[in-house]
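**Q** Below are the structure tokens for one structure; questions will follow.
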Amino acid sequence: MSSFKPKLGDGSIILPQARVKMIMKSSPDTESISTDALYFVTKATEFFVEHLAQEIYESTNKSNELTYKGLADIVQKSDSMQFLKDMVPKKITYKEYQEILKEKGNGDLF
Amino acid sequence: MAEAVPEEELTIPRAAMNKMIKEIVPSVRVANEARELILNCCSEFIHLLASEANEICTQQQKKTINAEHILGALDRLGFNDYRTDAEAVLKDCKAVAAKRRRQSTRLENLGIPEEELLRQQQELFAKAREEQAAAEQQQWLQLQAEAQLSLQQQQGDFPSNSEDGEYS
């Protein structure tokens, strides 16, 4: 990760902790979470978004748009973002898709 | 807006996300598709963090996920930067909160140590108890004296120089 200095590092929180808690609880086996722990998760998520936004901004040569493609590129490149690979697959044209199918052999997909 | 959202689609509310993006990259236009995606990525991030922390928590045989577990999870997942920054932020928060608590306690400013205050409090209680007891004692004696007097009057036990009554 390149040097990362969060803008939002002043202790205040923008994301709603209650919702973060709900999301955590929907993970299997997550029982109770301490107040401090919830704070950390919320703050970490904010840093995550910040990091993501900054990386995209920089990688798209300061263009003024944050697009799906920009996001997909970052996710593929960054090590720590590997867990998002399945969520942000690079878009391919139907033609490319057909070629892939041909290579794999149709039997694998059904 | 209390619709039941299926668990898999649970995300941070859009408004909060928009506010964040505005603060981070104010001059950038963010496509709707990208916003949606970031929301989902956040949920994924939270799930990942929760699972990892849960694992650490279970390994330590604890029931509640605490801050240490989260910090450990951040390390294990390769997000050390977030960890250090979050810790620094929390320390600041706690320091500010503690300072506020200290300023609002007037006793603290008297410079009297707690044990001394406790001792003084006990003294005051003891004194109050004594005064109460003395007052009750006084009352009791008074009642007794009055009762004694009325008893004497009833038994016709008058001293010769009493001018009460109608006996000649």
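Since every read-out is calculated from the coordinates, none of them should be taken as a lab result. Remember, it's a predicted structure, so these values are computed and weren't measured experimentally. Cβ: placed from backbone, ideal geometry, glycine included. Neighbour counts: every protein chain shown.
**Q** Counting other beta carbons within 10 Å of each Cβ, put B:LEU39, B:LEU74 in order, fewest first.
**A** B:LEU39, B:LEU74
**Q** Past 28 Å, Cα to Cα, is the threshold; run A:LYS69/B:LYS91; A:LYS21/B:LYS22; A:LYS21/A:LYS69 against it and keep the listed order.
**A** Flagged as over cut-off: A:LYS69/B:LYS91; A:LYS21/A:LYS69.
**Q** Still on this structure, I have one more. Starting with the fewest neighbours, write out B:HIS47, B:HIS69 ranked by other beta-carbon atoms found within 10 Å of each beta-carbon.
**A** Lowest to highest Cβ neighbour count: B:HIS47, B:HIS69.
**Q** Here is a follow-up. Past the 32 Å Cα-Cα mark, which pairs from A:LYS25/B:LYS99; A:LYS77/B:LYS94; A:LYS43/A:LYS77?
**A** A:LYS25/B:LYS99; A:LYS77/B:LYS94
**Q** Taking N as the number of residues in region B:113-153, what is its alpha-carbon radius of gyration divided by 2.2 N^0.38 Å? The partial results should precede the final answer.
**A** On the way: Rg = 17.9 Å, N = 41, 2.2 N^0.38 = 9.0 Å.
Expressed relative to 2.2 N^0.38 Å, the Cα Rg reads 1.98.
**Q** So who's got an amide H within less than 5 Å of the one on B:ILE65, skipping anything under 5 residues away but keeping other chains? H placed 1.01 Å off N, in plane.
**A** Here the answer is A:SER32, A:ILE33, A:SER34, since their amide H atoms fall under 5 Å of that of B:ILE65.
**Q** Can you tell me the mean projection area, over all orientations, of the convex hull of region A:17-104's alpha carbons? Units nm², please.
**A** For region A:17-104, the mean projected area of the Cα convex hull comes to 8.6 nm².
**Q** Counting Lys and Arg as +1 and Asp and Glu as -1, each charge on the Cβ, what is the dipole of region B:113-153 about the Cα centre in debye, to the nearest 20?
**A** So the magnitude is around 220 debye.
**Q** In addition: Give the order of B:VAL28, A:VAL41, B:VAL89 when sorted by the count of other beta carbons within 10 angstrom, beginning with the fewest.
**A** Lowest count first: B:VAL28, B:VAL89, A:VAL41.
**Q** Next up: B:VAL30's amide H: which non-local residues (gap 5+, or another chain) put their own amide H closer than 5 Å, with H modeled 1.01 Å from N in plane and none for Pro or chain starts?
**A** A:LEU66
**Q** What span do the alpha-carbon atoms of region B:14-144 cover on each of the three principal axes, reported in whole Å from largest to smallest?
**A** 93, 42, 32
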